[in-house]
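> Sharing a structure here in structure tokens format.
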Amino acid sequence: MSLNNPKQVGQRVKAVEGSDANLCSVTRSGFYGAGFVNAGGQCTQVPGIKWSNGNHWTFSSGHGQYSYR
């Protein structure tokens, strides 16, 4: 993945499907996931993708967001 876009330096990376959600990731205790920040400020899995148990992961803290550089 490349976050190099000179026209958008410093701006948050947004979802491509027209959403205002920002790209985020979580790394903790051997778990890594990339998703989008929801309306509650949580980093959560892309809606169309689910775990084998049918659930989404969601983290309220400890996630990072991405900006273009």
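The values are calculated or read from the model by the stated rules, or taken from the named source; none is laboratory data. Remember, predicted model here, so these are calculated numbers, not experimental data. In this analysis, Cβ positions are derived from the backbone assuming ideal geometry, glycine residues included, and neighbour counts consider all displayed protein chains.
> Would you pick out the residues in the range 39-68 that are under 10 Å from the mean Cα position of the chain (by Cα) and part of a loop (DSSP other than H, G, I, E, B)?
Those that are under 10 Å from the mean Cα position of the chain (by Cα) and part of a loop (DSSP other than H, G, I, E, B): Gln42, Gln45, Val46, Tyr66.
> Across the range 1-41, what is the total count of residues that are exposed (fewer than 14 other Cβ atoms within 10 Å of the Cβ), among the β-branched types (Val, Ile, Thr) and free of Cβ contacts under 8 Å to residues at least 40 places away in the same chain?
Result for the range 1-41: 2.
> Is it true that some residue in the range 42-50 is loosely packed, with under 12 Cβ neighbours inside 10 Å, modelled with pLDDT of 85 or more and not hydroxyl-bearing (Ser, Thr, Tyr)?
No, the range 42-50 has no match at all.
> Out of all the residues in the range 51-69, which are touching a strand residue (DSSP E or B) at 6+ places or on another chain (Cβ under 9 Å) and surrounded by 10 or more Cβ atoms within 10 Å (Cβ to Cβ)?
His56, Trp57, Thr58, Phe59, Ser60, His63, Gly64, Gln65, Tyr66, Ser67, Tyr68
> For the range 13-27: of the residues being of a type outside the set (S, T, N, Q) and at pLDDT 85 or above, which is nearest to Tyr68 (Cα to Cα)?
Across the range 13-27, the extreme among qualifying residues is Leu23.
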